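The values are calculated or read from the model by the stated rules, or taken from the named source; none is laboratory data. Being a predicted model, the structure only gives us computed values, none of them experimental. For neighbour counting, all protein chains shown are included, and Cβ atoms are generated from backbone atoms with ideal geometry for every residue, glycine included.
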Amino acid sequence: MKSWQRWTPDAIVGVVVLLAGLAQIRGNVYFGLDAAPIAVVVGIAAAAGLFRAAPGVALAIAWCVGAVQVTTGTYMMLVEGAFALVAFGCARWGSAATVWLSGLSIPASTAIALWWLDSDVLLYTLDQVRLQSLVDLARRTDSWRPTVGFLLFALLLAPWLLGLVLRFFARSEDSRRSQAAAEAERDQAEEIARLREQQAQLARDVHDVVGHSLAVILAQAESAQYLDEVDTQGLKRTMANIATSARTSLDDVRQVLTTTSGDTAQRARHADLDSLVEGVRASGHEVLSHEVGVSHPLPPELEVVAFRVLQEMLTNAIKHGRRDQPIRVERHWEGDLRIEVENAVDDAPEETQPLQLQSQVAPGGQGIDGMQRRLQAVGGRLDVRRRLEPPTFTATAWVPLRAQA
């Protein structure tokens, strides 16, 4: 809204009050053409015009008008009813100081008016507003002041209280809107966080599936170069294993991209931990698998976690371990499920180790980080360490079966 559009209603109020006051001065012999009544009317019009845009200024002008009336002895006018607008504006739009000052001004101005009024002023004012019963009361007795004081007090207090009520309602509405906006922002932030978590989960799933399958395929392809040229059956068997690994990887990626996390079909497929071990054996790696305790079905969400964690452990062992040494896999079913994968590494000094071994040990990699996140989500934990004698790398994961029970 433009500035002049905001000011137009206030300007109209001020002009109407000014014209009404000048008409009252012109049509009444009590005022004549003195400057004081005109100044009073101009002040009342200015206060009425500023009651909404600058209630503090309007209150100050109102007090100046009262001072002029008291010092010059100017009669009260009907247009002074516009002070009710000032009282309303101070309570509705004024600052905290303006609200307090306006509230204190109501009894103070009433007391000053009663002290200043004489019977002639009273009779004139009451006659103007057609309160003949009060006029008769004033002529018969001197007890008119409490009644008139109550009327003046009520004339200012009622609009002031109305403005205060509307002020509280407006603040309550603003608070409600702010709360609604804050809740909307919070919901949006939660939705963004949820989408980012889903995106991260998708990235971890794709990383686990593709990384494992590519490591197995690479190991199978490398083993093919050691076959005799006349061993066509061995070559066919290796190629068949590569095709099977690639097909399984493609199916897993499709499943990750087309199903939601925790889907029943996906869980059932991932429940077979032995298939991971057999897949690594098929790639040409020697795997020594050992199981302690009695295995039992896992809850669906833990099936996925156990499968993905063992998958990533085996992937790291294939990529970074020595090919001429076996990979040791142990599963302990005593209390919690403990999965341990150990592979031999080069015994070179730490500062001369290849970058791939450093990435296997460092916890900041995508694979290690993904395993930690999966385990932490179900209350588990992960431990990775390198031993010097003999030079091995061991990854151990704990899946809390008792907590799930």
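Brief remarks on what is shown
- Where a residue in the stretch 302-321 is farther than 14 Å from GLU278 by Cα and its partner, wherever it lies, is hydrophobic (A, V, I, L, M, F, W, C) and part of a helix (DSSP H, G or I), with Cβ under 7 Å and at least six apart: VAL305/LEU375; ALA306/LEU273; VAL309/MET371; VAL309/LEU375; GLU312/MET371; LYS319/ALA215; HIS320/LEU357
- Any chance LEU155 is outside the structural domain of GLY103 (by TED's automatic domain parsing) and either at pLDDT 75 or above or under 25 Å from the mean Cα position of the chain (by Cα) (or both): yes
- Taking the numbered list (1) over 25 Å from PRO9 (Cβ atoms); (2) within 54 Å of the chain's Cα centre (by Cα); (3) of a type in the set (Lys, Arg) in turn, ARG26 passes all entries but (2).
- Residue count for the stretch 272-291 under the criterion of being more than 14 Å from VAL341 (Cα to Cα) and not charged (D, E, K, R): the result is 5.
- Criterion applied to THR238, THR232, THR260 was being loosely packed, with under 14 Cβ neighbours inside 10 Å and at pLDDT 70 or above, and the one residue passing it is THR232.
- When residues of the stretch 280-314 are limited to those that are in a loop (DSSP other than H, G, I, E, B) and among the hydrophobic types (A, V, I, L, M, F, W, C), the one surrounded by the most Cβ atoms within 10 Å (Cβ to Cβ): LEU298
- Any hit, the stretch 349-370, residues being assigned to a loop (DSSP other than H, G, I, E, B) and modelled with pLDDT of 85 or more: no
- All positions within the stretch 96-105 that are closer than 12 Å to TRP63 by Cβ and crowded, with 17+ Cβ neighbours inside 10 Å: LEU101, SER102, SER105
- Residues in the stretch 65-97 that are part of a helix (DSSP H, G or I), under 18 Å from ALA158 (Cβ atoms) and under 39 Å from the mean Cα position of the chain (by Cα): 6 in all.
- With respect to the stated conditions, VAL135 is in a helix (DSSP H, G or I), modelled with pLDDT under 80 and more than 49 Å from the chain's Cα centre (by Cα).
- When residues of the stretch 315-329 are limited to those that are outside any strand (DSSP E or B) and more than 46 Å from the chain's Cα centre (by Cα), the one surrounded by the fewest Cβ atoms within 10 Å (Cβ to Cβ): ASP324
- The residue that is nearest to the chain's Cα centre (by Cα), counting only those in the stretch 225-254 that are β-branched (Val, Ile, Thr) and under 16 Å from ALA215 (Cα atoms), is VAL253.
- Of all residues in the stretch 371-385 being in a loop (DSSP other than H, G, I, E, B) and among the small types (Gly, Ala, Ser), the one that is surrounded by the fewest Cβ atoms within 10 Å (Cβ to Cβ): GLY379
- Flag for GLN24 being of a type in the set (S, T, N, Q), surrounded by 19 or more Cβ atoms within 10 Å (Cβ to Cβ) and in contact (Cβ under 8 Å) with a residue 40 or more places away in the chain: no
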